1. Check whether at least one residue in the stretch A:154-172 is part of a strand (DSSP E or B), touching a residue at least 24 places away in the same chain (Cβ under 8 Å), farther than 17 Å from A:K222 by Cβ and more than 14 Å from chain B (Cβ to nearest Cβ), and report yes or no.
2. Determine if the stretch A:84-107 includes at least one residue that is surrounded by 20 or more Cβ atoms within 10 Å (Cβ to Cβ), among the charged types (D, E, K, R) and assigned by TED's automatic domain parsing to the domain that holds A:D72.
3. Please list, ordered by first then second residue, the pairs with beta carbon atoms under 7 Å, 6 or more apart or interchain, first in the stretch B:211-231 and at positive phi, second part of a helix (DSSP H, G or I).
4. Could you pull out the residue among B:G60, B:G40, B:G55, B:G50 that is buried (at least 20 other Cβ atoms within 10 Å of the Cβ), among the small types (G, A, S) and either at negative phi or outside the structural domain of B:Y198 (by TED's automatic domain parsing) (or both)?
5. Does the stretch A:100-137 hold any residues that are under 24 Å from the mean Cα position of the chain (by Cα), in a loop (DSSP other than H, G, I, E, B) and away from every other protein chain (no Cβ under 14 Å), and which are they?
6. Step by step: first the residues of the stretch A:1-17, then only those that are surrounded by 18 or more Cβ atoms within 10 Å (Cβ to Cβ), within 14 Å of chain B (Cβ to nearest Cβ) and of a type outside the set (D, E, K, R), then the one that is farthest from A:L197 (Cα to Cα). Which residue is that?
7. If you scan the stretch B:61-95, which residues turn out to be within 17 Å of the chain's Cα centre (by Cα), within 12 Å of chain A (Cβ to nearest Cβ) and farther than 19 Å from B:L25 by Cβ?
8. Being part of a helix (DSSP H, G or I) and either closer than 13 Å to B:D87 by Cβ or more than 14 Å from chain A (Cβ to nearest Cβ) (or both) is the requirement here; does B:T20 meet it?
Protein chains: 2
Amino acid sequence: MVRYKAVIAYDGTRYSGFQTQGESLTVQLVLEDTLKKLNGGKPVYVHASGRTDAGVHAWGQVIHFDLPQERDAEKFRHAFDTQSPEDIAVRSVEQVADTFHSRYLATEKTYHYRLDIGRPRVPFKRHYAAFYPYTGDLDVERMQRAMEDLIGTHDFTPFCATGSSVEDRVRTIFEARVEENKETQELLFIFRGTGFLYKMVRILVGTLMKIGQNKLPEDAFKLAIDQQSKDYIGPTAHPEGLYLMEVRYDGKPKKAYQEESSN
Amino acid sequence: MVRYKAVIAYDGTRYSGFQTQGESLTVQLVLEDTLKKLNGGKPVYVHASGRTDAGVHAWGQVIHFDLPQERDAEKFRHAFDTQSPEDIAVRSVEQVADTFHSRYLATEKTYHYRLDIGRPRVPFKRHYAAFYPYTGDLDVERMQRAMEDLIGTHDFTPFCATGSSVEDRVRTIFEARVEENKETQELLFIFRGTGFLYKMVRILVGTLMKIGQNKLPEDAFKLAIDQQSKDYIGPTAHPEGLYLMEVRYDGKPKKAYQEESSN
């Protein structure tokens, strides 16, 4: 038994998310089908760093899987990439220790969120950025100031969608900022931290839109955290703007066997 | 009868091209359906600056159509845009003289072609840039030098796909250049001229790939034009990289009633 780690990019548009559930078409199902073919018809189980929801994209999703014997990593990557559908790319494959685990040993995740604030819609990016549907300008500087309250270690329970069974909702955010691209008329939100709760990034972005519209106070994040209250929380932003960009495995891992988050 | 000009952007991925042919789903069909709804159920015929082929995109396609009475142009644009599917955007609508004609009066067209030369594929752009499928580097400077032979007024018959009934194949190219974007790992080809023959831009790009691979001489364009020979012509590049960016209507129009080109 030899363990492999792979970095996968996918366009989430036509998938019911990463993780297999019932009969739905999922990224996991497609990856496992492809690996089965490359493994002489024998099933291969794929573990990922975390789930992504329907419509959410990944540039740097990390998976691991076991094969019965050693393979040339680059040849295997090429075959895995070529045999995958066009909306999935296998960016890298490397052999890792048997103890490697894509979920339990992840120490840091980076998400990007693309918000299209141009008028009218650019049809080419309707699946790759969320369209900001409101009139009136967003106060980008106000959003940036609000995001500074996210930095640090906090109990993010108010930002966790209902239906999650995660018990420990304390996460550390290292980076939270927004960049405006005048040329593409987009806002790019960048979040980097030890992990994110169920739908947390999209709830953060939905809240930021309200802050940018002056419909929530500039210290909404601080108030929500301090009071552990959902009163300062905006709606969940659409999935098509969200990208899992990078998962890192350095330093001390987060608590083992913590339930994976999903965004 | 009041004539309107509109600038339309569309994602060509799911369409069998612009122009209605038989039962296929076309951009024209969808635009006419929407305009019919906005015209109290009475049919509206759409004329475009030219056809685009299946999978080809437009940022600046120009159409004209007639309505029985005057409408507020911006309100009409908003309704036309909102009632159109998500892969079509109505960028502008303006009232024009009854003599305006989107095809016959066009004086200049600009096409862009996006070629993805990165490895591995970026799944998010598979419908929006053509993937360069060969190994080995493209000599971008050689392609740029070759493109200089396209500038000017030439008989482009060798670059016209068979099946076209256009008789006058003389066109003037004002601009032909290639830009390399190291960050996105893409080449962007820019072509601006009085008009382009059937599939001409895609044949130019296919030929440029061969020139960049050193499989055709650097003066392939000059040789093809001088000898009126298809011997120096590469394959037709894929449609998904091609964008009709802009159509202009200033200066002296090209010869009236010339058959429209299609790319």
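1. So far as the stretch A:154-172 goes, no, none of its residues is part of a strand (DSSP E or B), touching a residue at least 24 places away in the same chain (Cβ under 8 Å), farther than 17 Å from A:K222 by Cβ and more than 14 Å from chain B (Cβ to nearest Cβ).
2. So far as the stretch A:84-107 goes, yes, one or more of its residues are surrounded by 20 or more Cβ atoms within 10 Å (Cβ to Cβ), among the charged types (D, E, K, R) and assigned by TED's automatic domain parsing to the domain that holds A:D72.
3. Close Cβ pairs satisfying both conditions: B:Q228/B:T157; B:Q228/B:P158.
4. Matching residue, one of B:G60, B:G40, B:G55, B:G50: B:G50.
5. Within the stretch A:100-137, A:F100, A:H101, A:S102, A:R103, A:Y104, A:L105, A:A106, A:T107, A:I117, A:Y132 meet the criteria.
6. Among them, the one singled out is A:A6.
7. Once the filter is applied, which keeps residues that are within 17 Å of the chain's Cα centre (by Cα), within 12 Å of chain A (Cβ to nearest Cβ) and farther than 19 Å from B:L25 by Cβ, the stretch B:61-95 yields only B:R91.
8. Considered against the rule, which asks whether it is part of a helix (DSSP H, G or I) and either closer than 13 Å to B:D87 by Cβ or more than 14 Å from chain A (Cβ to nearest Cβ) (or both), B:T20 comes out as no.
The values are calculated or read from the model by the stated rules, or taken from the named source; none is laboratory data. Worth saying up front: this structure is predicted, and the values here are computed from it rather than measured. Heads up, the Cβs are rebuilt from the backbone with ideal geometry, glycines too, and the neighbour counts pull from every protein chain shown.
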